[in-house]
Amino acid sequence: MPAPLRIAVLASGRGSNFAALLAARERGELSVEFVLVASDKADAPVLQLAQSAGIPTTVLDPREYADRRAYDFALFDRIGASKPDLLVLAGFMRIIDGDALKPWAGRMINIHPSLLPKYRGLHTHRRALKAGDLEHGASVHYVTAELDGGPVIAQATLAIEAGDDENSLAARLLPLEHQLLPAVVAWIAAGRLALGDEGILLDDEPLRKPLRWQNGVLAP
């Protein structure tokens, strides 16, 4: 049998999407090995979660570096030492230097709480409500130097309900994020998804539009 996919995770907060990946592995839905969880915040709950699961952790404080570029290169050197096959950004709240990202092209994914290309950056729920959108969602995409602008792999959608506010919308979307991210990682681990010169490949064929998460199934 092929060796499990080696995964490093970058997160700044509580780590609920990382917890979803852990749970999927425990259920036998993911053939992966978590080799590192890294954070920019020493008090991030995701670190305690990883340590409780016996997963190595590391913290680099941005304030100890001259600038963002120096920090990012140091961080990615630390991550690279763990030799991951895939780096998953799961709530990492920093913009990353483009040159630091280059060696990771096609090996780094992010989950973002909007239906990209809508609402890159922060406050996505607030912006969707303000725009009067009828639906909202989450996207998993390959990471590039363009903020939340890399090729979109898959999306999950939910209807915006009358009376939704920013908090209720975020709370209703989060369970979908927790389903979408492990499903995408499982397909990457199985060798079904990759990023080629012409874009995303699914089973070695170009993926013309993002996969959809519907009724518990990831499908074209």
Checklist outcome for this item: Counting only residues in the range 14-60 that are farther than 22 Å from residue 2 by Cβ and polar (S, T, N, Q), the one nearest to the chain's Cα centre (by Cα) is identified as 17
Checklist entry - Somewhere in the range 110-123, is a residue in contact (Cβ under 8 Å) with a residue 24 or more places away in the chain, among the small types (Gly, Ala, Ser), out of contact with any Ser or Thr (no Cβ under 6 Å at 6 or more places or on another chain) and under 16 Å from residue 10 (Cα atoms)? => result no
Item to check | Where a residue in the range 52-77 is modelled with pLDDT of 95 or more and its partner, wherever it lies, is surrounded by 11 or more Cβ atoms within 10 Å (Cβ to Cβ) and polar (S, T, N, Q), with Cβ under 6 Å and at least six apart | outcome: 57/51; 59/39
Checklist outcome for this item: Scanning the range 14-33 for residues that are in contact with a Pro (Cβ under 7 Å, 6 or more places away or on another chain) and open to solvent by 20 Å² or more (accessible area, probe 1.4 Å), the one modelled with the highest pLDDT turns out to be 33
Item to check | Which listed residue, of 181, 169, 207, is open to solvent by less than 20 Å² (accessible area, probe 1.4 Å) and over 13 Å from the mean Cα position of the chain (by Cα) | outcome: 169
Item to check | Unique match (being more than 24 Å from residue 117 (Cβ to Cβ) and either open to solvent by 30 Å² or more (accessible area, probe 1.4 Å) or over 19 Å from the mean Cα position of the chain (by Cα) (or both)) among 219, 189, 194 | outcome: 189
Checklist entry - So is residue 128 open to solvent by 40 Å² or more (accessible area, probe 1.4 Å) and either aliphatic (A, V, I, L, M) or within 22 Å of residue 196 (Cβ to Cβ) (or both) or not? => result no
Item to check | Extreme residue, farthest from residue 182 (Cα to Cα), among residues of the range 34-90 that are β-branched (Val, Ile, Thr) and open to solvent by less than 30 Å² (accessible area, probe 1.4 Å) | outcome: 58
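The values are calculated or read from the model by the stated rules, or taken from the named source; none is laboratory data. Since the model is a prediction, treat every value here as computed from it, not as a measurement. With ideal geometry, Cβ positions are generated from the backbone for all residues, glycine too; neighbour counts draw on all protein chains shown. Areas reflect the complete protein model, heavy atoms only, side chains present, ligands, DNA and RNA absent. Shrake-Rupley method; radii C 1.70, N 1.55, O 1.52, S 1.80 Å.
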